[in-house]
Amino acid sequence: MSSARQWEALGLRQISLGYGNHVPDDSLLQSVVLTRHRMGIIMPKGHRFANQPRVRVKDLVNEPILMDPRSANPRLYDDIITAIRAHGVNLNVTSEVPNGEVLLMLVASGLGLTFGTENAGRMLTLAGLQWKPVSDLGLEVRDVVMWRPDDAEAPLLRPFLDVVRELRSELHVPRTRGTEHTGKNGAGLDDV
């Protein structure tokens, strides 16, 4: 379920807690960012970018790009396309591949590059893949927990929010603007 669909489900009381990649646009929901991961490019280890000191958006102009379908995560897809177009570049998206494992196999086979996060990149070396930041892309993916403030004291939700608070502290996620989104009553995670 996408982040946006979870916001809707929270508002309709179909779920008590959501987990996604975007801070809710709904002021009636509370959320906390647990992690942030830079978005970059995934390539086969032998690709010409692998030994370059840095990759910039303009370097992607003629590269075949493989992507998850927009329907899988519309906001992330749109964020990538928007960030690329902001540099005057149109991607050469040759395929949208709905299966993540197949997508990575196609990249490893040299059929194109794809976008991914730095934390995912750490696990790709065994598959013959390499992650590299795109220095001027400026995108990050977040792990966000969201809930309705009036449910924060619910017997099943309160202990979970305590774990979220502890996890956030252990992960040392900075409390910068956009890290925490408070609900209508202004309460943040430390107030629940």
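The values are calculated or read from the model by the stated rules, or taken from the named source; none is laboratory data. The model shown is predicted, which means the values in this text are computed figures rather than measured ones. Cβ coordinates were reconstructed from backbone atoms using ideal geometry, including for glycine residues, and neighbour counts include every protein chain displayed.
Here is the figure for the range 120-133: residues that are in contact (Cβ under 8 Å) with a residue 12 or more places away in the chain and assigned to a loop (DSSP other than H, G, I, E, B) total 2.
So is residue 23 at pLDDT 90 or above and not in a helix (DSSP H, G or I) or not? Can you show your working first?
On the way: at pLDDT 90 or above: no; not in a helix (DSSP H, G or I): yes.
It is false that residue 23 is at pLDDT 90 or above and not in a helix (DSSP H, G or I).
Going residue by residue through the range 5-19, is there one that turns out to be free of Cβ contacts under 8 Å to residues at least 12 places away in the same chain, outside any loop (DSSP other than H, G, I, E, B) and within 25 Å of residue 165 (Cβ to Cβ)? Break it down into steps so the answer makes sense when it comes.
Initial filter on the range 5-19 (free of Cβ contacts under 8 Å to residues at least 12 places away in the same chain): 5, 8-9, 12, 14-15.
Next, only the ones that are outside any loop (DSSP other than H, G, I, E, B) stay: 5, 8-9.
Next cut, within 25 Å of residue 165 (Cβ to Cβ) only: 9.
Checked the range 5-19: at least one residue is free of Cβ contacts under 8 Å to residues at least 12 places away in the same chain, outside any loop (DSSP other than H, G, I, E, B) and within 25 Å of residue 165 (Cβ to Cβ).
Pull up the range 94-126, narrow it to residues that are β-branched (Val, Ile, Thr) and exposed (fewer than 13 other Cβ atoms within 10 Å of the Cβ), then point me to the one that is nearest to residue 50 (Cα to Cα). Within the range 94-126, the match that is nearest to residue 50 (Cα to Cα) is 125.
Only one of the numbered conditions (1) at pLDDT below 90; (2) in contact with a helix residue (DSSP H, G or I) (Cβ under 8 Å, 6 or more places away or on another chain); (3) basic (Lys, Arg) is not met by residue 38, and that is (1).
Yes/no matrix, rows are residues, columns are (1) of a type in the set (S, T, N, Q); (2) touching a strand residue (DSSP E or B) at 6+ places or on another chain (Cβ under 7 Å); (3) at pLDDT below 95:
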residue: 47; (1), (2), (3): no, no, no
residue: 54; (1), (2), (3): no, no, yes
residue: 64; (1), (2), (3): no, yes, no
residue: 75; (1), (2), (3): no, no, yes
residue: 100; (1), (2), (3): no, no, yes
residue: 111; (1), (2), (3): no, yes, no
residue: 115; (1), (2), (3): no, yes, no
residue: 119; (1), (2), (3): yes, yes, yes
residue: 127; (1), (2), (3): no, no, yes
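The set of residues from the range 36-64 being surrounded by fewer than 17 Cβ atoms within 10 Å (Cβ to Cβ) and among the β-branched types (Val, Ile, Thr) comprises just one member, 61.
Restricting attention to the range 134-161, the residues that are under 14 Å from the mean Cα position of the chain (by Cα) and assigned to a loop (DSSP other than H, G, I, E, B) total 3. Residue under question is residue 41, and the condition is that it be of a type outside the set (Asp, Glu) and free of Cβ contacts under 8 Å to residues at least 24 places away in the same chain; does it hold? So residue 41 does not fit the description; no. The set of residues from the range 87-115 being aliphatic (A, V, I, L, M), assigned to a loop (DSSP other than H, G, I, E, B) and farther than 11 Å from residue 60 by Cβ comprises 97, 111. Report yes if residue 28 is modelled with pLDDT of 85 or more and in a helix (DSSP H, G or I), otherwise no. Considered against the rule, which asks whether it is modelled with pLDDT of 85 or more and in a helix (DSSP H, G or I), residue 28 comes out as no.
Residues in the range 129-140: is at least one of a type in the set (Val, Ile, Thr), in contact with a Gly (Cβ under 7 Å, 6 or more places away or on another chain) and over 16 Å from residue 44 (Cβ atoms)? So that I can check it myself, show each step before the final result.
Taking the range 129-140 as the starting set, the residues that turn out to be of a type in the set (Val, Ile, Thr) are 134.
Filter once more, keeping what is in contact with a Gly (Cβ under 7 Å, 6 or more places away or on another chain): 134.
Cutting the leftovers down to over 16 Å from residue 44 (Cβ atoms) gives us 134.
Within the range 129-140, one or more residues are of a type in the set (Val, Ile, Thr), in contact with a Gly (Cβ under 7 Å, 6 or more places away or on another chain) and over 16 Å from residue 44 (Cβ atoms).
Please go through the range 24-54 and give me each residue that is under 20 Å from the mean Cα position of the chain (by Cα) and under 18 Å from residue 117 (Cα atoms), ordered by number. Reasoning before the result, please.
Start the filter on the range 24-54 by keeping residues that are under 20 Å from the mean Cα position of the chain (by Cα), which leaves 24-26, 29-43.
The answer is 33, 34, 35, 36, 37, 38, 39, 40, 41, 42, 43.
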